[in-house]
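Enquirer: Before we start, here is the structure in question, set down as structure tokens.
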Amino acid sequence: MLLSAAHPHRSTSATPSRFVTAALLAAALPLSACARPAAPGGWFVWPVVEPAAGSALDTSALNGAPLSRVAVKNGAFVDGAGRPLRFFGVNITSDDAFPSAAEAELLAARLAKAGVNIARLHHLDNQWGVGTGGSIWPTNGRHHEFDSAQLDKLHRLIAVLARHGIYSNLNLKVSKTLATADGFPASVEQLPDFQKRVDMFDRRMIELQKDYARRILTTKNPYTGFAPVDDPAIALVEINNENSILGYFTRDLGRGTDRFPEPFRSDLQAKWNTWLTGRYADSAALATAWNTGAPATARSLVEPTTARWHPKVQPGSEATLTPGADASSFTIDVTRTGGADWHVQVSTYGLPVEDNTVYTVACEVRASTPARLGLGLSADDRARPGQEWRSLGLLQSVDVSTEWTPIRLAFPVHSAAGGPAMLSFNVAAQTGRLEFRAIRLVAGAAEGGLRPGQSLEQRTVPLPGEPTSRQWADWIAFLADTDRAFAEEMRTFLRDELHVRAPLVCSQINFTGLTAFHREQSMEMADTHTYWQHPNFPGSGWDRANWTIANTPMVAVFGPRRFGELGNLAQLRVAGKPFSVSEYDHAAPSEYACEMYPELAVFACRQNWDAIYPFDLGSYGARNPDGRITGYFDQINHPAKWSLAPFATRVFRAGLFAPATAVAELRPGNPVWGEAMHADMLWAKLNPDQPFDFLDCRLQVNDRPAAAKTTLVYTREGNDFLQPARVVIAPQGNVFTAGDNQAAVATGFLGGATVVAGPMRITCPRFGRDFATVAAVALDNKRLPESGRILVTIVARAENQGMKWNEARTTTGAEWGHGPTIAERVPATIELATEGSRRVFALKPDGTRAAEVQATYTSGRLTFTVSPKDNTLHYEVVTK
């Protein structure tokens with residue numbers, strides 16, 4: 001999880017930072033707490049508490065101890081006996097990674113009972129927790145030693161987790177923030193958050209990463225008797241979180257390095273010149289290669305006489321567009337804004353651009369008051385309605401004054417894939433008037449190529465500012481090789497000097513396009529992060545009072561060629577390696593969060609992934625006495641998420657839905673990024689119009705590039721043509737269903753519908769948002785019809801009491817409310833195919849039985865209906 005160093009409480013997909021909650025896990029509330037507070041009609045109080053031992057919610061039997069060493073065999077994780085091993089994990093971040101002895105025991109027990117078998121220890125090296133018990137660092141401001149008391153707490157946590165059958169994934173560089181006290185110039189504080197990008201090439205920063213690794217991996221843990229490097233409980237090691245010299249949280253790779261402060265910019269320029277000397281004989285050869293097609297063309301793609309500018313104003317903003325004499329000018333008056341610049345866009349459409357070609361946009365702008373505006377080139381959403389928003393190479397902010405301010409930006413286009421583009425000005429960062437004139441978009445760059453006074457022999461070739469296409473191709477190759485060199489150096493150090501045996505990953509593979517496959521080629525696994533509808537902060541920083549979420553379900557976008565964030569991840573799976581998703585969430589307070597766990601678990605089974613981790617957990621103990629949902633990424637306190645953990649952990653870890661037997665393998669040419677910068681574009685190029693069959697075909701990318709161009713190869717492994725998972729269209733919207741021998745689930749718009757998922761049928765009248773999840777799993781490893789013990793979970797919306805939504809239901813601002821949490825009743829009737837009659841019990845929050853529920857058995861089907869008096873999310877179905 002990437003955090004902004006500027007804010008002490010911040011921790012993908014649209015913004016470069018994510019909120020890190022203060023802690024992780026709510027203490028068990030007394031069951032009597034359910035009866036005291038009132039809930040609105042159709043809702044009931046449901047605190048998330050620790051399951052009673054042996055109850056239907058206790059999933060700890062999946063874990064075993066002692067733990068054995070994890071390895072990789074045949075593209076999958078295996079334990080010490082060579083048995084396949086899947087991980088369902090959580091993220092334990094900053095404050096939560098340094099608990100007291102009592103809190104560590106509480107935490108480990110709660111996680112084990114949810115079926116968790118790995119914890120990702122993340123943000124140990126943060127700065128915001130120094131001195132308050134939330135960081136590994138001492139208070140002297142330097143990063144050359146650990147706080148011994150904090151290290152002891154971390155060691156104890158690792159040991160306690162292991163005793164409960166939970167491995168640890170140890171993260172190295174995440175949020176360490178270097179300063180002058182570490183021997184750097186003051187300009188180190190001008191670098192991106194946590195010195196990202198620069199820490200991949202700066203020699204001193206790399207050495208400090210090695211020093212940190214040596215200290216945290218080789219110091220003996222007094223609670224286990226092992227240093228982490230020798231401890232089988234350390235399953236995985238991540239080297240550098242969400243990072244690349246090419247950029248991060250952007251598809252526009254390679255840009256922005258010219259804005260690095262000195263001496264870091266000169267250091268990178270020196271490395272750039274050294275790289276060029278290994279590929280070109282002299283300056284003449286370099287000029288011949290680069291200067292072809294360097295001058296910008298005269299014709300603007302924004303035709304003055306035919307182009308039109310169109311405003312797009314988001315709810316909550318107001319603006320008036322006044323066209324100019326032709327399309328080279330216009331005036332926009334913004335009279336109201338929520339603060340995000342894109343809340344008022346002025347765009348022109350149908351621009352013909354080509355991938356791997358450099359373009360220049362130029363204009364002059366004058367503001368009524370000093371202002372900031374954004375410029376972007378993206379896919380034409382009128383020509384391709386319904387397509388996810390994608391930058392095509394330009395997304396940049398500039399400052400303008402009350403005088404005419406000239407703007408000129410050169411950029412390489414990517415991801416166009418033959419489609420038209422739209423050029424947009426984002427103008428709602430503030431209210432006021434903005435006047436535009438002399439707007440032009442041309443192919444080429446006026447200052448591209450090798451310019452007079454620049455010499456390869458003298459090592460004076462600058463970082464690219466306005467490159468030619470060939471110049472930019474060399475730049476991307478240089479950055480990709482620099483990334484690869486860092487990864488190989490760190491891998492060699494960890495393996496050969498520290499003797500780390502755990503599988504390694506350098507950084508997440510979905511942050512730098514296909515160049516990441518080059519960087520990670522020698523790593524044993526591939527890892528990714530993604531978020532459905534990450535919170536948006538239109539103001540400054542992570543303002544807990546000024547944020548929005550889209551608040552729509554991911555299942556609504558599921559289709560033949562698009563499957564939300566899960567489909568995006570599927571296109572990144574690396575052939576022959578374990579695939580991990582170590583951060584994933586549907587951010588609170590989404591009213592559709594109950595879809596998250598079943599979709600993730602079933603989809604990961606069908607795609608044969610190896611590790612999945614919700615991010616992160618939520619506050620616990622004294623920091624959350626009323627058991628409220630504490631933030632956007634809270635898991636353990638969220639009834640619509642954590643109540644489905646027993647289902648999801650059983651399904652994924654035991655593989656209750658078999659992997660799809662059909663396989664589509666993308667085999668890129670050399671270099672991997674040569675034909676497209678991003679995997680989704682390469683998939684679309686090779687499969688332009690046919691379904692991707694995400695639920696019945698495993699997708700993977702071969703990271704060993706061939707000499708030929710990219711190919712897409714289809715194979716089938718086995719003869720199983722079953723389709724256990726599918727998307728059905730119900731009266732109110734999509735429903736994701738899956739049913740197999742031991743598990744069945746339906747999640748989506750169940751209201752007003754009858755839906756079948758394997759041996760389970762759900763009939764539900766209209767209610768609330770009509771959106772819910774019904775999941776059933778056998779607890780005795782038998783087929784559902786034969787099972788003598790089944791857990792049925794029925795959940796819709798869940799939230800804090802007193803949470804106050806805005807009218808659009810896109811934010812609660814600072815009004816998060818209080819605990820204990822409440823849940824919406826789902827008025828569903830459930831039918832299960834069973835071999836004989838069964839008894840049905842409503843369960844209490846701790847999983848013990850409450851009242852027996854009336855059920856009927858006719859013609860091989862057990863039927864029961866959710867009653868208003870049940871006040872439960874869980875039912876236990878048992879033999880009589």
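Enquirer: Name the residues whose placed amide hydrogens come within less than 5 Å of the amide hydrogen of residue 227, ignoring near sequence neighbours (fewer than 5 apart) on the same chain.
Expert: 221
Enquirer: Something else: Let me know the shape class of segment 366-488, please: from the alpha-carbon gyration tensor, a ≥ b ≥ c as square roots of the eigenvalues, rounded when a/c is under 1.5, otherwise prolate if a/b is greater than b/c, or oblate.
Expert: It is oblate, given that a/c is not under 1.5 and a/b is not larger than b/c.
Enquirer: Please report, largest first and rounded to whole Å, the three semi-axes of the ellipsoid equivalent to the chain, where each semi-axis is the square root of five times an eigenvalue of the C-alpha gyration tensor.
Expert: Values: eigenvalues 414, 207, 145 Å².
One finds semi-axes of 45, 32, 27 Å for the chain.
Enquirer: Measure off 7 Å from each Cα along the Cα-to-Cβ vector at residue 732 and residue 310, then give the distance between these two points in nanometres to one decimal.
Expert: 3.3
Enquirer: What percent do you get for the relative contact order of segment 597-721 when only Cα pairs under 8 Å and 6+ apart count? Working shown, then result.
Expert: Values: 172 pairs, mean separation 39.1, N = 125.
Averaging sequence separation for qualifying contacts and normalising by length gives 31 percent for segment 597-721.
Enquirer: Using Cα pairs closer than 8 Å and at least 6 residues apart in sequence, work out the relative contact order for segment 732-880, in percent.
Expert: Once normalised by length, the contact order is 19 percent.
Enquirer: So, taking all protein chains as they sit and a 1.4 Å probe, how much accessible area belongs to residue 164, in Å² rounded to tens?
Expert: 50
Enquirer: Any idea of the accessible area per residue across segment 29-179, 1.4 Å probe, to the nearest Å²?
Expert: Accessible surface, normalised per residue, equals 32 Å².
Enquirer: Another one. Once ligands and nucleic acids are excluded and a 1.4 Å probe is used, how much of residue 641 is accessible, expressed in Å² to the nearest 10?
Expert: That residue has around 0 Å² of solvent-accessible surface.
Enquirer: Which of the lysines could a cross-linker bridge to residue 641, judged by Cα under 27 Å and excluding same-chain residues fewer than eight apart?
Expert: 113, 782, 804, 844, 869
Enquirer: Related question: Rounded, prolate or oblate: which one fits segment 707-763, using the alpha carbon gyration tensor with axes a ≥ b ≥ c (rounded when a/c is under 1.5, else prolate when a/b beats b/c, else oblate)?
Expert: It comes out oblate by the Cα gyration axes.
Enquirer: Follow-up. Counting heavy atoms of the protein chains only and a 1.4 Å probe, report the per residue accessible area for segment 562-705 as a whole number of Å².
Expert: 20
Enquirer: Right, here's the next one. Solvent-accessible area per residue for segment 728-880 at a 1.4 Å probe radius, Å²?
Expert: 37
Enquirer: Just to make sure I understand: if all protein chains stay in place, what is the order of 366, 86, 716 by accessible area at 1.4 Å, largest first?
Expert: On the way: 366 75, 86 35, 716 110 Å².
I get 716, 366, 86, largest accessible area first.
Enquirer: Follow-up question, since we're still on this one. If you bin every alpha carbon distance in segment 452-504 into 10 Å steps from zero, what whole percent lands in each bin?
Expert: Bin by bin from 0 Å, the calculated values are 20, 32, 21, 18, 8, 0.
Enquirer: With runs of 4+ DSSP H residues as the only contributors, calculate the mean residue ellipticity of the chain at 222 nm using -39,500 (n - 2.57) per run, divided by the residue total and rounded to the nearest 500.
Expert: -4500 deg cm²/dmol
Enquirer: Something else about it: Scan around residue 77 for amide H atoms under 5 Å from its own, H built in the peptide plane at 1.01 Å from N, and keep only partners 5 or more places away or cross-chain.
Expert: 85
Enquirer: Along each principal axis of its Cα atoms, how long is segment 589-697 end to end? Whole angstroms, biggest number first, please.
Expert: Result, largest extent first: 56, 31, 23 Å.
Enquirer: Right, next: Mind ranking 524, 807, 497, 591 by accessible surface for me, highest first, 1.4 Å probe?
Expert: Order by accessible area, largest first: 807, 497, 524, 591.
Enquirer: To continue, here is another question. Give me the compactness ratio for segment 208-322, meaning the Cα radius of gyration over 2.2 N^0.38 Å.
Expert: After normalising by residue count via 2.2 N^0.38 Å, the value is 1.94.
Enquirer: Cross-link candidates for residue 577: which lysines have Cα within less than 18 Å, leaving aside residues fewer than 8 places away along the same chain?
Expert: Within the straight-line limit of under 18 Å, residue 577 reaches these lysines: 73.
Enquirer: When a/c reaches 1.5 or more, the comparison of a/b and b/c decides; with that in mind, is segment 259-312 rounded, prolate or oblate per its Cα gyration tensor?
Expert: Oblate, because a/c is 1.5 or more while a/b does not exceed b/c.
Enquirer: Could you name the aspartates and glutamates in cross-link range of residue 312, using Cα to Cα under 15 Å and dropping any fewer than eight places away on the same chain?
Expert: The reachable aspartates and glutamates, counting only those whose Cα sits under 15 Å from residue 312, are 333, 341, 380, 381.
Enquirer: Peptides 302-308, 215-221: what's the order by average Cβ count within 10 Å, highest mean first? Can you show the working numbers first?
Expert: Numbers: 302-308: 14.0, 215-221: 17.6.
Put in order of decreasing packing, that is 215-221, 302-308.
Enquirer: Let me ask another. For residue 350, which sequence-distant residues (separation of 5 or more, or a different chain) have an amide H within less than 5 Å of its own amide H, given hydrogens modelled in the peptide plane?
Expert: 421
Enquirer: Just to be sure I understand: of the beta bridges DSSP finds with both ends in the chain, what percent are antiparallel, rounded to 5?
Expert: So the antiparallel bridges amount to about 80 percent of the total.
Enquirer: If I ignore ligands, DNA and RNA and count only protein heavy atoms, how much of residue 224 is accessible to a 1.4 Å probe, in Å² to the nearest 10?
Expert: Accessible area, nearest 10 Å²: 40 Å².
Enquirer: Let me ask something else. Please compute the length gained on full extension between residue 402 and residue 556, using 0.36 nm multiplied by the number of residues separating them and subtracting their Cα-Cα distance.
Expert: 50.9 nm
Enquirer: Also, quick follow-up: How much of the accessible area of the chain, in percent, comes from carbon and sulfur atoms when a 1.4 Å probe is used?
Expert: Using a 1.4 Å probe with all protein chains present, the chain comes out at 51 percent carbon and sulfur.
Enquirer: Going from most exposed to least, what order do 347, 100, 329 have by accessible area with a 1.4 Å probe?
Expert: Final ranking, largest accessible area leading: 100, 329, 347.
Enquirer: Okay, next question. Around residue 610, what is the net charge, scoring Lys/Arg as +1 and Asp/Glu as -1 over all other residues with Cβ under 12 Å from its Cβ?
Expert: Local net charge: +3.
Enquirer: Continuing with the same structure: For segment 254-375, go through all pairs of different Cα atoms, get the mean of 1/r, take its inverse, and jot down that Kirkwood value in Å.
Expert: Every distinct Cα pair counted, the radius reaches 18.7 Å.
Enquirer: Over segment 92-172, what number does the Rg to Rh ratio reach, with both radii from the alpha-carbon atoms and Rh per Kirkwood?
Expert: Details: Rg = 12.5 Å, Rh = 12.7 Å.
With Rh from the inverse mean 1/r over Cα pairs, Rg/Rh is 0.99.
The values are calculated or read from the model by the stated rules, or taken from the named source; none is laboratory data. Since the structure is predicted, the reported quantities are computational estimates derived from the model, not experimental observations. Ideal geometry is used to build each Cβ from the backbone, glycine not excepted, and the neighbour counts take in all protein chains shown. With ligands, DNA and RNA removed, areas are computed over all heavy atoms of the protein, side chains included. Shrake-Rupley method; radii C 1.70, N 1.55, O 1.52, S 1.80 Å.
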